[in-house]
Amino acid sequence: MSFNYNFPAVRGVQAKREYYITMIPIKLLNKLFINEDEYISPEYRAQRCINETRIPEMKNYILNNLENYVFSALSASIDGEFVFKTDNKDENIGILEVDMQAVFLINDGQHRKAALEAALKEKPELGDETISIVFFKDEGLKRSQQMFADLNKHAVKSTMSLSTLYDDRDEFANIVKYIIANNQFLNKYVDKEKDTLGKNSMKLFTLANFLRANKRIIKENENINIEKTKAFLLSYWNALINNIEEFKMLQEKQLYKCDLREDYILTLSVTLQIFGRLGKFFYEEKLDLKLLNGIRKIDWSRANIEWQKRIIKDNGKIQNNEDAIIKGTNLIKQKLGIILSREEEVKENETK
């Protein structure tokens, strides 16, 4: 056997099987790994078909973050002969020598590989950068299929709230996090990790839902002035929260969170989106935020029949859709003495 591939590698053991970790220059990925034929029936291949629609987004992530992009390791099997020659100082460090006739099959990471190859076409200098590969000995199709299942079975996507919290590249998300950090009430009661809250949660809102509400006010793709956007959103939420008596009562421990959740609509997801739609109107019409003082006269209790046929159905269930958001906003605008648009008038007639 003549060896043609020589990979500096580290050896490890899992489930009594050896595996090897090495680094591969990005420019060699296309030469090393074959692409499984997507026309082969799934039971005769060990990978899913590549979803081509994912590649441009992943490619752009690399190209837009050349100084700090991060990709995790690929997992692959070696179908062919190889030996691991250890270093004299450490038996688990050495050279993985692989026969030139061996075939390398990706078990996990084919979309990452495709994105790197696409980015390489536009930025050839990426070719000398490396991606880590975890190599296993190929033990046949059934074993490769099981590896694919095992590697993906326990993968859990992070919540939108946590992704938003950790993502500093999203400028609009950074603005929203700034609003929360600079409002005492929001900073205390917005959950920055979970997307859904249990009935006994110490929080009232999720970061994901608060982000969606702010996207209603100002479209994230607009060419915005960051400082002016920060100033408006912070002023809007300050004015809104300061004029809701129940929030004050909660902070002064005159009202329990459980009672606020059960007896009022203020912590509902649909209500937060209503506040977002209302904020959009104030932003676009450049209204004086002092007009929000009129919020104080609104009855936010679930028992208030004014919420019926808006966000509460006749059977008492909460509606959380665009129709409910418009009708809920209509009621607030009328309480503030704001004239409804033609579209809003049509929706308003449906409540009568």
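The values are calculated or read from the model by the stated rules, or taken from the named source; none is laboratory data. All values reported here derive from a predicted model rather than from experimental measurement. Glycine also receives a Cβ, built like all others from the backbone with ideal geometry; neighbour counts cover every protein chain displayed.
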message: Given the criterion touching a helix residue (DSSP H, G or I) at 6+ places or on another chain (Cβ under 6 Å), without any contact (Cβ under 8 Å) to a residue 24 or more places away in the chain and either of a type in the set (A, V, I, L, M) or within 20 Å of residue 207 (Cα to Cα) (or both), identify the matching residue among 255, 292, 272.
response: 255
- request: Keeping to region 263-288, report how many residues are assigned to a loop (DSSP other than H, G, I, E, B) and more than 17 Å from residue 321 (Cβ to Cβ).
  value: 5
task: Among the residues of region 7-33, write down those that are outside any strand (DSSP E or B) and surrounded by 12 or more Cβ atoms within 10 Å (Cβ to Cβ).
output: 26, 27, 28, 29, 30, 32
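Every residue, every condition in (1) at pLDDT 90 or above; (2) closer than 27 Å to residue 149 by Cα; (3) among the aliphatic types (A, V, I, L, M), yes or no:
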{"site": "46", "(1), (2), (3)": "no, yes, yes"}
{"site": "74", "(1), (2), (3)": "yes, yes, yes"}
{"site": "85", "(1), (2), (3)": "yes, no, no"}
{"site": "89", "(1), (2), (3)": "no, no, no"}
- prompt: When you scan region 297-352, how many residues do you find that are surrounded by 14 or more Cβ atoms within 10 Å (Cβ to Cβ) and of a type in the set (Lys, Arg)?
  reply: 7
query: Looking at (1) touching a helix residue (DSSP H, G or I) at 6+ places or on another chain (Cβ under 7 Å); (2) of a type outside the set (D, E, K, R); (3) modelled with pLDDT under 90, which is the one condition that is false for residue 114?
result: (3)
task: Quickly run through region 196-239 and pick out the residues that are at pLDDT 95 or above, surrounded by fewer than 17 Cβ atoms within 10 Å (Cβ to Cβ) and of a type in the set (Ser, Thr, Tyr).
output: 235
- request: Check region 168-191 and report whether any residue there is assigned to a strand (DSSP E or B) and surrounded by 14 or more Cβ atoms within 10 Å (Cβ to Cβ).
  value: yes
message: Quick check on region 308-320. Is at least one of its residues part of a helix (DSSP H, G or I) and either on the phi < 0 side of the Ramachandran plot or in the same structural domain as residue 239 (by TED's automatic domain parsing) (or both)?
response: no
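Give me a count of the residues in region 100-127 that are among the acidic types (Asp, Glu) and surrounded by fewer than 16 Cβ atoms within 10 Å (Cβ to Cβ).
Restricting attention to region 100-127, the residues satisfying the condition of being among the acidic types (Asp, Glu) are 108, 117, 122, 125.
In the following step, the residues that additionally are surrounded by fewer than 16 Cβ atoms within 10 Å (Cβ to Cβ) were identified as 122, 125.
Total satisfying the criteria: 2.
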message: under 16 Å from residue 138 (Cβ atoms), outside any strand (DSSP E or B), modelled with pLDDT of 85 or more and in the same structural domain as residue 8 (by TED's automatic domain parsing): is that true of residue 101 in this structure?
response: yes
task: Answer yes or no: is there a residue in region 153-165 that is touching a Ser or Thr at 6+ places or on another chain (Cβ under 7 Å) and in contact (Cβ under 8 Å) with a residue 12 or more places away in the chain.
output: yes
task: Tell me, please, whether a residue that is buried (at least 19 other Cβ atoms within 10 Å of the Cβ) and among the polar types (S, T, N, Q) can be found in region 245-258.
output: no
statement: Cβ pairs under 6 Å, 6+ apart or interchain, first in region 239-252 and more than 14 Å from residue 184 (Cα to Cα), second polar (S, T, N, Q), ordered by first then second residue, are 243/293
